[in-house]
Amino acid sequence: MPPPVKPIVSATPPSPDPRVGLAPGRWDAAQAAWNVRLVSATPPWEKFLGVTSSDLAFTGKYVVQGNYNGFEIFDVSNAAKPKIVLTYLCPASQSDVSVYKNLLFVSGEGQTGRLDCGIQGVPEPVSKDRLRGIRVFDISNINKPKYVTNVQTCRGSHTHTVVTQPGDKDNVYIYVSGSAGVRSAEELPGCKDAPVDDPDSARFRLEVIKVPLAAPEKAAIISSPRIFYGLEAPPRRVEPGRGGRGNSGPNQCHDITVYPEIGLAGGACGGYGLLLDIKDVANPKRIDQAADINMAFWHSATFSNDGTKILFSDEWGGGSQPRCRDTDKPEWGADALFTIENGNKMLFRSYYKMPAAQTSFENCVAHNGSLIPIPGREVMVQGWYQGGISVFDWTDPSSPKEIAYFDRGPLDGTRLITAGSWSVYWYNGLIYSSEIQRGLDIFELLPSGLISKNEIDAAKTVRFDYLNAQEQRKLIWPASFAKAGAYLDQLERSKGLSGDKIAAVRAGLNSAEKMSGGNRQAALKKLAAQVTADAAGSTDAAKVNLLATAVTELSGVRP
């Protein structure tokens, strides 16, 4: 790999955009970076070279990266030099991965996946050796995973989502999204391919697996909710040279993002974006749906931290096509942003698309990402395949704005070979990207006029023991001077307080941070009262009150 490009750091986007016209190459492609730094790039294991790397999951100091040939586990204690801890050869597309406590779950959907993880495939049209569903591993010893069991499903598992039921400490649940054809009953009893009005049809449902934590070998399907019942065909979009695009109605979800703490899930389900009630995890219910003529294939979802907004991505072209050319409309292959209002109804607000034109040799479309835990803002990092990674602010869902990015040139300058960022997530202070062909990339977000050092430092105070991006967990920031400073920086940026008041509060925080004991507590209590009084004359009283609360929290923390 070449040395990382020196990032441009600025409050305004570089012009002309350095992402346009980057030179190609597998290991030596040209790079462009704005407000983000590439910390390390680790190539895949030799037996995974040229094979698609897929999604990421995180547990402790480890990153698990799926690959169509199995999975790899990296120790990222030193982000500049990740260590490959384990490579596990076990073919089965897509090898979507999730973790929970000592368990690792891996999806399998392709016809060639075997129960025994063999590499010889399954040539027979019907075989008891075929794996299509969820593999369960015990990773108590991260160096020697134990293959515990598998749960077979009628359509396999393209993706899956780990779901926790609040109050249930004994089990974890899995929502399985399978998009392949229905298996024959001869291969898996109970499978039936039938129309939507047949209650036994395996085509119009998702599967819910219950995994007893004390006995994961007993994992089994406990329900098959028919969340698509009553949905008609979505609107059709006319694509140049291809005619209309649309289905007869959804019969599967590509991805489901759950938010157990608010009892909601976002289902990205082909022609629709669904809002689901998951208060009873085993029996999710559809409560709203959205269709859009500009959305070709609803792919994944992300909630705002407070659950009042939701974003759906559109994987127009299935991820293998160039959909970010200057001839492609900005509404196509983009994100659709909604607010959730009036009894859980989704209201469309705008689109967001990575704005730099890409070539015809770069597959590029919206794909997987996650929130960056900056208090007081909704900031997200998202993968766009060979469009790179894009960091954007969608606090105002009617006006999303890009604030950082990283991109490489095409993998090949003469033909399109699928590559780029499959998924990119923030985890405990850094950004991790699964590069389809090039391995694991790790990035650091840099302070700029668009994101302050306080905001980044506050984001780093949010720590998780594990992370599956498709199971959102409520972001809670501990008391810190960085959090208070982040709110103050936002007020300065938006002119929510006058310059004199901003300066006075900043001086008060800096002074209090140097104190200790009772002197610090007294100074912070006085400052909190001052900030509370300032809210009345502010153009952003809500943010000023957040600042006052953050200062009050600090006054109760023993230095």
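Taking amide H atoms as placed 1.01 Å from N in the peptide plane, list the residues 5 or more away in sequence, or in a different chain, whose amide H sits under 5 Å from that of LEU206.
The list, which skips near neighbours in sequence, is ILE227.
Going 7 Å from the Cα of SER15 along its beta-carbon direction, which residues of segment 394-430 have the amide nitrogen within less than 19 Å of the resulting point?
Of the residues in segment 394-430, 400-405 have backbone N under 19 Å from the label point off SER15.
Ordered by residue, what ³J(HN,Hα) values in Hz, to whole numbers, does segment 548-556 give under the Karplus form 6.51 cos²θ - 1.76 cosθ + 1.60, where θ = phi - 60° and Gly and Pro are x?
4, 5, 5, 5, 4, 4, 4, 5, x
How long are the semi-axes of the equivalent ellipsoid of the chain, taking √(5λ) for every eigenvalue λ of the Cα gyration tensor, in whole Å from largest down?
After diagonalising the Cα gyration tensor, the semi-axes are 39, 26, 25 Å.
With a ≥ b ≥ c taken as the square roots of the eigenvalues of the C-alpha gyration tensor of segment 459-557, please select rounded if a/c is under 1.5 and otherwise prolate if a/b is larger than b/c or oblate if it is not?
In terms of gyration-tensor shape, oblate.
Which listed residue (TYR175, LEU371, PHE303) has the Cα farthest towards the positive end of the charge dipole for the chain, taking +1 on Lys and Arg C-beta and -1 on Asp and Glu C-beta about the Cα centre?
LEU371
What is the local net charge at GLN120, summed over the other residues whose Cβ is closer than 14 Å to its Cβ (Lys, Arg +1; Asp, Glu -1)?
That works out to -1.
Calculate the length of the line joining the C-alpha centroid of segment 21-50 to that of segment 474-538, in whole Å.
Here the answer is 41 Å between Cα centres.
When you take every Cα atom in segment 96-199, what is the radius of gyration, and what is Dmax, the widest Cα pair distance, in Å?
15.0, 48
Please work out the FRET efficiency for the pair ALA503 and ALA214, using the Cβ-Cβ distance as r and a Förster radius of 45 Å; give the result to the nearest 0.05.
0.20
Quick one: ranking LYS483, LYS329 by accessible area, 1.4 Å probe, largest first, what do you get?
LYS329, LYS483
Keeping every protein chain present and rolling a 1.4 Å probe, give me the accessible area per residue for the chain in Å².
38
In what sequence, largest accessible area first, do VAL126, VAL151 appear using a 1.4 Å probe?
Correct descending sequence by accessible area is VAL126, VAL151.
Give the peptides 338-351, 94-107 in descending order of average Cβ contacts within 10 Å, highest first.
Highest-to-lowest ranking by the protection proxy: 94-107, 338-351.
Between ALA80 and THR339, what is the label-point separation in nm under the 7 Å Cα-to-beta-carbon projection?
For the pair THR339/ALA80, the computed spacing is 4.6 nm.
Given R₀ = 41 Å, what would the calculated FRET efficiency be for ASN510 paired with ARG463, taking r from the Cβ atoms and rounding to 0.05?
0.95
For segment 407-421 and segment 98-165, compute the distance between their C-alpha centroids and round to whole Å.
30
Excluding residues on the same chain fewer than 8 positions from LYS210, give the lysines whose Cα lies under 17 Å from its Cα.
LYS101, LYS169, LYS218, LYS279
Specify whether the C-alpha gyration tensor of segment 301-372 places it in the rounded, prolate or oblate class, a ≥ b ≥ c being the square roots of the eigenvalues: rounded for a/c under 1.5, otherwise prolate if a/b is larger than b/c and oblate if not.
Prolate shape, in that a/c is at least 1.5 and a/b is the bigger ratio.
Step through the residues of segment 46-63 one at a time and calculate ³J(HN,Hα) from phi using the Karplus curve (6.51 cos²θ - 1.76 cosθ + 1.60, θ = phi - 60°), rounding each to whole Hz and writing x for Gly and Pro.
4, 6, 9, 4, x, 10, 4, 8, 10, 8, 10, 9, 9, 8, x, 8, 10, 10
How far apart, in nm, are two points set 7 Å out from the Cα along the Cα-to-Cβ line at LYS47 and at GLU124?
Calculated label separation equals 2.5 nm.
If you put +1 on each Lys and Arg Cβ and -1 on each Asp and Glu Cβ, how big is the dipole of the chain around its Cα centre, in Debye rounded to 20?
Working: 60 positive and 59 negative charges, 209 e Å.
Here the size comes out at about 1000 debye.
Suppose R0 equals 45 Å; then what is the FRET efficiency for ASP170 and ASP193 from their Cβ-Cβ distance, rounded to the nearest 0.05?
Plugging the Cβ-Cβ distance into 1/(1 + (r/R0)^6) gives 0.80.
Provide the solvent-accessible area of ILE209, counting protein heavy atoms only and rolling a 1.4 Å probe, rounded to the nearest 10 Å².
Near enough 0 Å² of accessible area.
Highest first, please rank the peptides 352-358, 219-225, 71-77, 302-308 by the mean number of other Cβ atoms sitting within 10 Å of their residues.
So the order, starting with the most tightly packed, is 352-358, 71-77, 302-308, 219-225.
Once both labels are modelled 7 Å past Cα along the beta-carbon direction, what's the ASN519-MET1 spacing in nm?
Once both label points are built, they end up 4.7 nm from each other.
For segment 1-132, state what percent of all Cα-Cα pairs lands in each successive 5 Å bin, counting from 0 Å until the bin that includes the largest distance.
Calculated over all Cα pairs of segment 1-132, the distribution is 2, 9, 15, 16, 15, 13, 11, 9, 5, 3, 1, 1 percent.
Grab the Cα-Cα distance for ARG473 and SER320, subtract it from 0.36 nm times how many residues apart they are, and report the gain in nm with one decimal.
Stretched out fully, the ARG473 to SER320 stretch lengthens by 52.0 nm.
Towards the positive end of the charge dipole of the chain, with charges on Cβ (+1 Lys, Arg; -1 Asp, Glu), say which of LEU274, GLN152, VAL381 has the farthest Cα.
Toward the positive end, the furthest listed residue is VAL381.
Leaving out ligands, DNA and RNA, and with a 1.4 Å probe, what % of the accessible surface on segment 115-158 is carbon or sulfur?
On segment 115-158, the fraction of accessible area on carbon and sulfur atoms equals 52 percent.
Per DSSP H run of at least 4 residues, take -39500 (n - 2.57); add these up for the chain, divide by its residues and hand me the 222 nm value, nearest 500 deg cm²/dmol.
Using -39500 (n - 2.57) per qualifying helix, the result is -4000 deg cm²/dmol.
The values are calculated or read from the model by the stated rules, or taken from the named source; none is laboratory data. On a predicted model such as this, the values are computed, not experimentally measured, just so you know. FYI the Cβ positions are ideal-geometry reconstructions off the backbone, even for glycines, and counts take in every protein chain you see. Remember, those area values only see protein heavy atoms, side chains included, never the ligands or the DNA or RNA. Shrake-Rupley method; radii C 1.70, N 1.55, O 1.52, S 1.80 Å.
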